[in-house]
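Report on one structure; see the data block that follows.
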Amino acid sequence: MLSLQNIYHARNRIQSHVVRTPLVACPSLSSKSRQVRLKLETTQDTGAFKLRGATNAILSLDPSALEAGVVCASTGNHGRAVATAAARVGAKATICMSNLVPQNKVQAIKALGADVRIIGKSQDEAQVEVQRLVVEDRMSEIPPFDHADVIAGQGTVGLELMEDWSDIDTVLVPVSGGGLIAGVALAVKSVNFNIKVIGISMERGAAMDASLQRGRPVEVPEEPSLADSLGGGIGLQNEYTLGVVQELVDEVILLKEEQIASGMQFLYREHGMVVEGAGAVGIPVIQENLSQRLGENIAVVVSGRNVDLKTFQSVLDGELPFGA
Ligand SMILES: *Cc1c(COP(=O)(O)O)cnc(C)c1O
């Protein structure tokens, strides 16, 4: 299984390809008894941490697999990361998407150098095409979270936190499929098991939380949310992330849309940063003291910045674009 060593190997592999992101003070959430710092994955190339895992998975392929190219079905941050990581090592990336994906997203992925294959009317049909390309064209699928090399790559966020802040006692991490939190938890708990790792999802469609409650992977209906990057399931055949989260994550907290919006507003107001909903979920947990486990030295992983301007503007205007 995965260990701290896999994460160190990932770091050696990816360090010349990804940004070592800064950990900055957050004075307005800090006090005499509590220090809060922000881990800015918003400054990662492609605007989200996913470049770490995708780069590690692609660099771990053998030369013949690299030659055949990589494939995935994501149009969001994972798709951008796969396209970018592949282009950097000279491999071909194919991103499969349904004909419902808006043209601007299609263009954005093409601009990163990937082949785009438009197929079918749903994400599921796009995923069937991925499997076909894996079988018939011998491409390697780069999954968004449930893959050892992806988790190890995301875990480099945790290594950097430990190096930059030896007194850290709490880490707040956004959760969807759980690749990020599994990697971070493995990294920090291997060094100090007392560090609390707290996951945060939105109430609307929290597949990891539902799966933890049931003790097995379950599907939840998908609903539109400000934290769109946290949508989607954990995979009914989940192999890695659910087990690691069950073992190492102390708590998962669910947020309402207005709490996510307030996190985005805060980061803009106090730090001048544009952060997507998924990236802002740690903030309300501190603002509203939503956990008993918060310690004195709290790091918030601000996981990404990719939000469209219309959505962001409406959040700043105090509206909830997807309802309350
Ligand atoms: C993918 C993503 C997440 C969730 O990561 P998982 O590994 O799926 O849990 C959080 N924030 C952003 C910005 C993302 O793109």
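Quick notes
- Meets criteria (in a strand (DSSP E or B), open to solvent by less than 10 Å² (accessible area, probe 1.4 Å), modelled with pLDDT of 95 or more and under 11 Å from ILE198 (Cβ atoms)) for VAL285: no
- Cβ-Cβ contacts under 9 Å between residues 6 or more apart (or on different chains), taken from a first residue in the range 292-321 that is basic (Lys, Arg) to a second residue that is in a loop (DSSP other than H, G, I, E, B) and at pLDDT below 95, are listed as LYS310/PRO321.
- Number of the condition not met by ALA324 [criteria: (1) assigned to a loop (DSSP other than H, G, I, E, B); (2) in the same structural domain as VAL19 (by TED's automatic domain parsing)]: (2)
Residue-by-condition table, conditions (1) modelled with pLDDT of 95 or more; (2) open to solvent by 20 Å² or more (accessible area, probe 1.4 Å); (3) within 16 Å of the ligand (Cβ to nearest atom); (4) not in a loop (DSSP other than H, G, I, E, B):
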| position | (1), (2), (3), (4) |
| --- | --- |
| LEU133 | yes, no, no, yes |
| ARG138 | yes, yes, no, no |
| PRO144 | yes, yes, yes, no |
| THR156 | yes, no, yes, yes |
| GLU160 | yes, no, no, yes |
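- Within the range 229-260, tally of residues that are assigned to a helix (DSSP H, G or I) and either open to solvent by 60 Å² or more (accessible area, probe 1.4 Å) or small (Gly, Ala, Ser) (or both): 5
- Residue match in the range 189-205 (condition: within 20 Å of the chain's Cα centre (by Cα), modelled with pLDDT of 95 or more, assigned to a helix (DSSP H, G or I) and more than 14 Å from the ligand (Cβ to nearest atom)): yes
- Candidates GLY272, GLY279, GLY263, filtered to the one that is small (Gly, Ala, Ser) and open to solvent by 10 Å² or more (accessible area, probe 1.4 Å): GLY272
- The residue list LEU226, LEU186 contains one member that is assigned to a loop (DSSP other than H, G, I, E, B), at pLDDT 95 or above and buried (at least 23 other Cβ atoms within 10 Å of the Cβ), which is LEU226.
- Selected residue [touching a Pro at 6+ places or on another chain (Cβ under 9 Å), of a type in the set (Gly, Ala, Ser), in a helix (DSSP H, G or I) and farther than 25 Å from GLY263 by Cβ] from ALA57, ALA85: ALA57
- From the list VAL128, VAL157, the lone residue that is of a type in the set (Val, Ile, Thr) and not assigned by TED's automatic domain parsing to the domain that holds VAL19 is VAL128.
- For the criterion of being touching a His at 6+ places or on another chain (Cβ under 9 Å), open to solvent by 40 Å² or more (accessible area, probe 1.4 Å), of a type in the set (Asp, Glu) and within 16 Å of the ligand (Cβ to nearest atom), GLU219 fails.
- Filter result (open to solvent by less than 10 Å² (accessible area, probe 1.4 Å), more than 16 Å from the ligand (Cβ to nearest atom) and of a type in the set (A, V, I, L, M, F, W, C)) within the range 48-91: ILE58, VAL70, VAL71, ALA86
- Where LEU180 falls short, out of the listed (1) assigned by TED's automatic domain parsing to the domain that holds ILE14; (2) over 29 Å from GLU223 (Cα atoms); (3) of a type outside the set (Lys, Arg): (2)
The values are calculated or read from the model by the stated rules, or taken from the named source; none is laboratory data. What you see is a predicted model; the values in this text were computed from it and never measured. Cβ: placed from backbone, ideal geometry, glycine included. Neighbour counts: every protein chain shown. All accessible areas refer to the heavy atoms of the entire protein, side chains included, with ligands and DNA or RNA removed. Shrake-Rupley method; radii C 1.70, N 1.55, O 1.52, S 1.80 Å.
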